[in-house]
Amino acid sequence: MEGEQAMAELERECEVVVIGAGYSGLAAARHLARSGEDVLVLDARHRVGGRSFTDVTGAGFTIDRGGQWIGPTQDHLARLATELGVATFPTYTTGQGVELRDGTRDLYVGLIPTSDPHGAADGIAGMLDLDLAAFDVPTEAPWDAPDAATLDAQTLASWFDTHLSSASARDILEVAVKAVFGTGSGELSLLFALFYLHAGGGLTNLARSTGGAQERRFAGGSQQLAQGMADELGDRVMLGAPVETVAHGPDEVVVGARLVGSDADPADPSAAHRPLKVRARRAILAMSPVLCGRLAYTPALPGRRDQLCQRMPMGAVTKIHVIYDSPFWRDDGLNGQIVAPRSAMGATFDNSPEDASHGEIVGFIAGDDCRRLESAGPEVRREIMLADLELAFGPRARTPMEVVEQHWPAEPFTRGGPVAISSPGALTALGPALREPVGPLHWAGTETATAWCGYLDGALSSGLRAADEVLRALKGEPVGLD
Amino acid sequence: MASTEELLEAYAEWRTRSNANPRLTKMLKGWDRVIHFTTTDTVQGYTMRVEGQQLSELALGHEGQPDVVVTGSSEDFCDMYWGDLNPSEKYMSGEITLAGSQQDVMRIDAISMVAFLDT
């Protein structure tokens, strides 16, 4: 792939082209391939997995830089792990959590810090109220919820204003919201938040480790599952192939991409590349709405689909891994969980390997804190993290072996995390465009899931749903809306 | 092991406090349920009803079809009723288990925590 001169265009033909080799795209492609369809998957990066990214640090530790947990009822994910022989193990939760607030340190047991018992009771009652409201919002079509327009005209923050009486409860719930959505409650449509919570079994379920969304992890990392799907597809997955154009007619799609060498940065438009043209009968776009909106479509997408892409921005999260020679906090009866309502680093988990051969704490800086601290850089974020860890776990926390961060908003082929959110008004006005095919173009990605939206499991089910749509379309059957 | 008398006394105390707590009674709105308590260290079971946002007296034995079954030691139940035991700790360790629909379990988990923290 060296050389200055333009390289000859590479042309490929297939039945179905899938854009994005994350969990959703790979699940879609695998389902299609197993159904006998000729499929080709393109991904901009030199790796598969999308928002699941298992990496080895400079010091040789394996970390999950992105999505990493599996919990009860995530059946698509569990089935895939079993099929590929990837073992899971429980998140460490034995002992007490630490609440940090304005320089004070309190220990607690359970879901919510209890240093202010009345505030904690207010928070628990509020979460129950919120979850019961969420269960009234249909996950297939939240825009059909009773009072959808009223709910979509409010933010989750305004719901907190009217349903929580205690400032400390508000602080704690805000930590949970930022950890779950990567944004503060003030940015979230209440209707969208209720839909999302329902899709994941409620905020109580999403905030929990044992019995909830963070219950178990994958031994060796979550990206193995994506790799396992890609291995089955073999050379039907092309990496280093950022797609730029999508031309579509009633029954044909022509996708234009740049094929860059494995030593070149796919995000660099000046990198030496070979033009790639893929002609297919159908396409599955298995990416977040934001990334879908960045491709050049001919003809242009219908207004409401493009508007939807404009109005479902990504959350913002920096995931920081702090590695120690051992999980020493466990010796003090601590489970590694910190809740720090007034700190930029809102929450942590014990992320040590199953055999505890070293210790790892993973923390999240999310939402406005993530954006505010972007220009401050990794050293400042590291200092914030270590200061909180020292306050929580003592002076030993000051001297980690390694600190590694993943700042997702700066990832050119993700642009935020963990998930796309919806601001007020978008779902009721544009929601049906989320999954509605545009001619031969079908939409996948965890944001289109009706169960576990925003999670690895939702990504898988969305890919399978899009693949089924395509199979019906290829047989000439009408592809109705959901 | 707690005696039946001790357990009934502790429950009566817990019930009085809970029924007088407006935050808690609000959480019981629209949630009329039958809850069975099964003890792991005695042969005595108990039944509690939630009716009209109030907790009933504790009946001896298992009455009616339960919506939720709470299983644990009589000692832990006593401590929980006296407010000396954080129920979350026992749920997490599995020493007290809750069986029922997801929503009913979620509700009783929240209610027992609010009773612990706020009464």
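Test A:Asp43 against the stated conditions and say whether it is away from chain B (no Cβ under 14 Å), more than 26 Å from A:Gln406 (Cα to Cα), of a type in the set (Asp, Glu) and within 25 Å of the chain's Cα centre (by Cα). Quick ask: steps written out before the conclusion?
Details: away from chain B (no Cβ under 14 Å): yes; more than 26 Å from A:Gln406 (Cα to Cα): no; of a type in the set (Asp, Glu): yes; within 25 Å of the chain's Cα centre (by Cα): yes.
Against the criterion (away from chain B (no Cβ under 14 Å), more than 26 Å from A:Gln406 (Cα to Cα), of a type in the set (Asp, Glu) and within 25 Å of the chain's Cα centre (by Cα)), A:Asp43 does not qualify.
With respect to B:Tyr91, determine if the residue is in contact (Cβ under 8 Å) with a residue 24 or more places away in the chain, under 14 Å from the mean Cα position of the chain (by Cα) and closer than 20 Å to B:Met1 by Cα. Against the criterion (in contact (Cβ under 8 Å) with a residue 24 or more places away in the chain, under 14 Å from the mean Cα position of the chain (by Cα) and closer than 20 Å to B:Met1 by Cα), B:Tyr91 does not qualify.
When only residues in the range A:404-435 that are surrounded by fewer than 22 Cβ atoms within 10 Å (Cβ to Cβ) and over 22 Å from the mean Cα position of the chain (by Cα) count, which is nearest to A:Gly336 (Cα to Cα)? Restricting to residues being surrounded by fewer than 22 Cβ atoms within 10 Å (Cβ to Cβ) and over 22 Å from the mean Cα position of the chain (by Cα), the top hit is A:Gly425. In a residue-by-residue description of the range A:275-294, the property of being of a type in the set (Val, Ile, Thr) and buried (at least 22 other Cβ atoms within 10 Å of the Cβ) applies to at least one position. Could you say whether any residue in the range A:336-350 is of a type outside the set (Phe, Trp, Tyr), farther than 25 Å from A:Arg170 by Cα and modelled with pLDDT of 95 or more? No: the range A:336-350 contains no residue that is of a type outside the set (Phe, Trp, Tyr), farther than 25 Å from A:Arg170 by Cα and modelled with pLDDT of 95 or more. Scanning the range A:455-482 for residues that are at pLDDT 90 or above and among the β-branched types (Val, Ile, Thr) yields a count of 1. For the range B:67-89, taking the residues that are part of a helix (DSSP H, G or I) and under 18 Å from A:Ala120 (Cα atoms), the one that is nearest to the other protein chains (Cβ to nearest Cβ) is identified as B:Ser88.
Could you tell me whether A:Gly71 is touching a residue at least 12 places away in the same chain (Cβ under 8 Å) and within 14 Å of another protein chain (Cβ to nearest Cβ)? Give the steps one after another, and end with the answer.
Details: touching a residue at least 12 places away in the same chain (Cβ under 8 Å): yes; within 14 Å of another protein chain (Cβ to nearest Cβ): yes.
So A:Gly71 fits the description; yes.
Assess whether B:Glu57 counts as being in a helix (DSSP H, G or I) and either out of contact with any strand residue (DSSP E or B) (no Cβ under 8 Å at 6 or more places or on another chain) or over 17 Å from B:Val105 (Cβ atoms) (or both). Answer is no for this residue.
Of the listed requirements (1) crowded, with 17+ Cβ neighbours inside 10 Å; (2) more than 13 Å from chain A (Cβ to nearest Cβ); (3) outside any loop (DSSP other than H, G, I, E, B), B:Asp104 misses just one: (2). Where helices (runs of 4 or more DSSP H) fall wholly inside the range A:107-204, the ranges with 1 or more residues that are over 25 Å from the mean Cα position of the chain (by Cα) and more than 12 Å from chain B (Cβ to nearest Cβ) are A:148-152, A:156-163, A:167-181.
Conditions (1) in a helix (DSSP H, G or I); (2) touching a Leu at 6+ places or on another chain (Cβ under 9 Å); (3) within 28 Å of A:Ala157 (Cα to Cα); (4) of a type in the set (Asp, Glu), marked per residue:
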| residue | (1), (2), (3), (4) |
| --- | --- |
| A:Thr414 | no, yes, yes, no |
| A:Gly417 | no, no, yes, no |
| A:Ser423 | no, yes, yes, no |
| A:Ala433 | yes, yes, yes, no |
| A:Glu436 | no, yes, no, yes |
| A:Arg465 | yes, no, no, no |
| A:Asp468 | yes, no, no, yes |
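So which of A:Ile365, A:Ile323 is modelled with pLDDT of 95 or more, buried (at least 23 other Cβ atoms within 10 Å of the Cβ) and among the β-branched types (Val, Ile, Thr)? Outline the logic, then answer.
Details: A:Ile323 fails: buried (at least 23 other Cβ atoms within 10 Å of the Cβ).
The unique qualifying residue is A:Ile365.
The single condition from (1) assigned to a loop (DSSP other than H, G, I, E, B); (2) in the same structural domain as A:Val278 (by TED's automatic domain parsing); (3) not hydroxyl-bearing (Ser, Thr, Tyr) that A:Ala33 fails is (1).
For the residues A:Ala264, A:Ala247, A:Ala226, A:Ala283, the requirement of being touching a residue at least 60 places away in the same chain (Cβ under 8 Å), among the small types (Gly, Ala, Ser) and assigned to a strand (DSSP E or B) singles out A:Ala283. The set of residues in the range B:69-97 that are closer than 17 Å to A:Gly211 by Cβ, of a type in the set (A, V, I, L, M) and buried (at least 20 other Cβ atoms within 10 Å of the Cβ) comprises B:Val70, B:Met92, B:Ile96.
Out of curiosity, is A:Glu232 surrounded by fewer than 21 Cβ atoms within 10 Å (Cβ to Cβ) and within 30 Å of A:Val137 (Cα to Cα)? Against the criterion (surrounded by fewer than 21 Cβ atoms within 10 Å (Cβ to Cβ) and within 30 Å of A:Val137 (Cα to Cα)), A:Glu232 does not qualify.
Scanning the range B:9-40 for residues that are of a type in the set (Phe, Trp, Tyr) and away from every other protein chain (no Cβ under 14 Å) turns up B:Tyr11, B:Trp14, B:Phe37. For the range A:438-454, a residue qualifies if it is touching a Gly at 6+ places or on another chain (Cβ under 6 Å) and part of a loop (DSSP other than H, G, I, E, B), and the qualifying residues are A:Ala449, A:Trp452.
The values are calculated or read from the model by the stated rules, or taken from the named source; none is laboratory data. What you see is a predicted model, and the numbers here were worked out from it, not measured in a lab. As a convention, Cβ positions derive from the backbone with ideal geometry for all residues, glycine included, and neighbour counts pool all protein chains shown.
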